[in-house]
Amino acid sequence: MSSEVAKEVAGAAHGAVQGAAEMVATGHGGGHGAPANAQEYIVHHLTNLSVPVKDFFSALTHGVGNFAVKQENIVDFSLINVDTIVFSLFSGLLGLLLLWLVARKVTSDVPSRTQAAVESLVQMVDEQSKGIVHGDRTFIAPLALTVFFWVVFMNTLDLLPVDLIGKTIQWLHLDIPYTRVVPTADINGPIGMAFGILILMLYYSFKIKGAGGFVHELFTAPFGSNPLLWLPNFVLNVIEFLAKSVSLGMRLFGNMFAGELIFLLIAMMGAAWSSSSLGMSIGLGIGHWLAGSIWAIFHILVILLQAFIFMMLTLVYLGQAHEAH
């Protein structure tokens, strides 16, 4: 009995793989090409639309598809991920538009639910900045609010059906071989934002403490001002700055990449409808919708939590730049 079940499960898994390949090949799996199996299907969806830096402006005027290349190395500074830039800007502009629409209808009378929600978020961010940053918050509080909304909107793109953008590209007959929708699932996006926070950390360290005070702190904290400890102090402080930035970006990237990958794995269950076993096909098909719905609901928490963590760590790091050891 157990061997028959095992054979049925194996047959369904094989059907899922073949079904996914057929789904993509017939234009239902991303609209960019025809991956031959489930592995290629997932790799295809995790590949960014990259163009060489030297061809970036030419790609904008003559078509991105004519200059698109597939990134082969983990780190390649000669390429620009166009989809990450486009969807990052789209998320930012969408956030600005929605907030502008809310601001247009702000009233001192009974506020709408949307106005009340936005006002609560603004108040929450302002209170957090007061408790963390002891100094001028004219720029930092709005920055934290911007970071929160921007990351929320970028993360929310992960809730789009995995093949929606690819199918849309097919319908529009665009020559775009790859597309990744979630900017925060591309390591370049979160690390780029974290690098921006690093620049602000250094800026406020110089501004608040002065050049002499900051340099003195680099060489004397945390072990003391003994000349023999200057080099260890300096090395440790440099590592601390880099670790803060890398961990800030990697935390956001890791969570969003994992969420995107799980959505792809759940999407593969839908291909089980092509299995030769009707019972297993129906079971996995229902499981596809059930698992997708449950994960999407849970992922809303991940989306909001990661945005909140990124915002709070931004405040913490900039607050530390205002303090002396």
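The values are calculated or read from the model by the stated rules, or taken from the named source; none is laboratory data. What you are looking at is a predicted structure, and each value in this text was computed from that prediction instead of being measured. As a convention, Cβ positions derive from the backbone with ideal geometry for all residues, glycine included, and neighbour counts pool all protein chains shown. These accessible areas exclude ligands, DNA and RNA; they are computed on the full protein's heavy atoms, side chains included. Shrake-Rupley method; radii C 1.70, N 1.55, O 1.52, S 1.80 Å.
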Item checked: Which listed residue, of Ile176, Ile191, is at pLDDT below 95 and within 18 Å of Asn81 (Cβ to Cβ) -> Ile176
Next item on the list: Please find, within segment 292-308, the residue that is nearest to Gly270 (Cα to Cα) out of those that are hydrophobic (A, V, I, L, M, F, W, C) and surrounded by 18 or more Cβ atoms within 10 Å (Cβ to Cβ).
Entry: Ile303
Next item on the list: Please enumerate the residues belonging to segment 166-186 that are over 21 Å from His62 (Cα atoms) and among the β-branched types (Val, Ile, Thr).
Entry: Val181, Val182, Thr184
Margin query: If the requirement is being without any contact (Cβ under 8 Å) to a residue 12 or more places away in the chain, within 19 Å of the chain's Cα centre (by Cα) and open to solvent by 80 Å² or more (accessible area, probe 1.4 Å), which of these qualifies: Leu97, Leu93?
Written below: Leu93
Notebook entry, point to check: In segment 215-233, what count of residues is obtained for those that are part of a helix (DSSP H, G or I), open to solvent by less than 80 Å² (accessible area, probe 1.4 Å) and within 19 Å of Ser205 (Cα to Cα)?
Noted result: 6
Item checked: Answer residue from segment 309-325, given it is open to solvent by 10 Å² or more (accessible area, probe 1.4 Å) and at pLDDT 95 or above and is nearest to Thr220 (Cα to Cα) among those -> Tyr317
Notebook entry, point to check: Which of the residues belonging to segment 286-314 are touching a residue at least 24 places away in the same chain (Cβ under 8 Å) and not aliphatic (A, V, I, L, M)?
Noted result: Gly292, Trp295, His299, Gln306, Phe308, Phe310, Thr314
Check: Given the conditions (1) more than 29 Å from Phe263 (Cβ to Cβ); (2) part of a loop (DSSP other than H, G, I, E, B), which single one is not true for Ser58?
Finding: (2)
Checklist line | Residues that are open to solvent by less than 30 Å² (accessible area, probe 1.4 Å) and either polar (S, T, N, Q) or modelled with pLDDT under 95 (or both), drawn from segment 150-162 | finding: Asn155
Check: If only one of Pro183, Pro177, Pro222 is in contact (Cβ under 8 Å) with a residue 12 or more places away in the chain and in contact with a Pro (Cβ under 9 Å, 6 or more places away or on another chain), which one is it?
Finding: Pro183
Note to self: Residues that are farther than 23 Å from Arg251 by Cα and not aliphatic (A, V, I, L, M): does segment 140-160 have at least one?
What the structure shows: no
Notebook entry, point to check: Out of all the residues in segment 107-145, which are closer than 15 Å to Tyr204 by Cβ, of a type in the set (Val, Ile, Thr) and surrounded by fewer than 14 Cβ atoms within 10 Å (Cβ to Cβ)?
Noted result: Thr138
Notebook entry, point to check: Which of (1) open to solvent by 60 Å² or more (accessible area, probe 1.4 Å); (2) over 30 Å from Gly319 (Cα atoms); (3) in contact with a Ser or Thr (Cβ under 8 Å, 6 or more places away or on another chain) does Leu79 not meet, given it meets every other one?
Noted result: (1)
Check: Considering Thr184, Thr179, Thr168, which residue is in a helix (DSSP H, G or I), of a type in the set (Val, Ile, Thr), under 16 Å from the mean Cα position of the chain (by Cα) and over 15 Å from Lys244 (Cα atoms)?
Finding: Thr184
Next item on the list: Take segment 55-75 and flag every residue that is touching a residue at least 12 places away in the same chain (Cβ under 8 Å) and of a type outside the set (Gly, Ala, Ser).
Entry: Asp55, Phe56, Val64, Asn66, Phe67, Val69, Lys70, Gln71
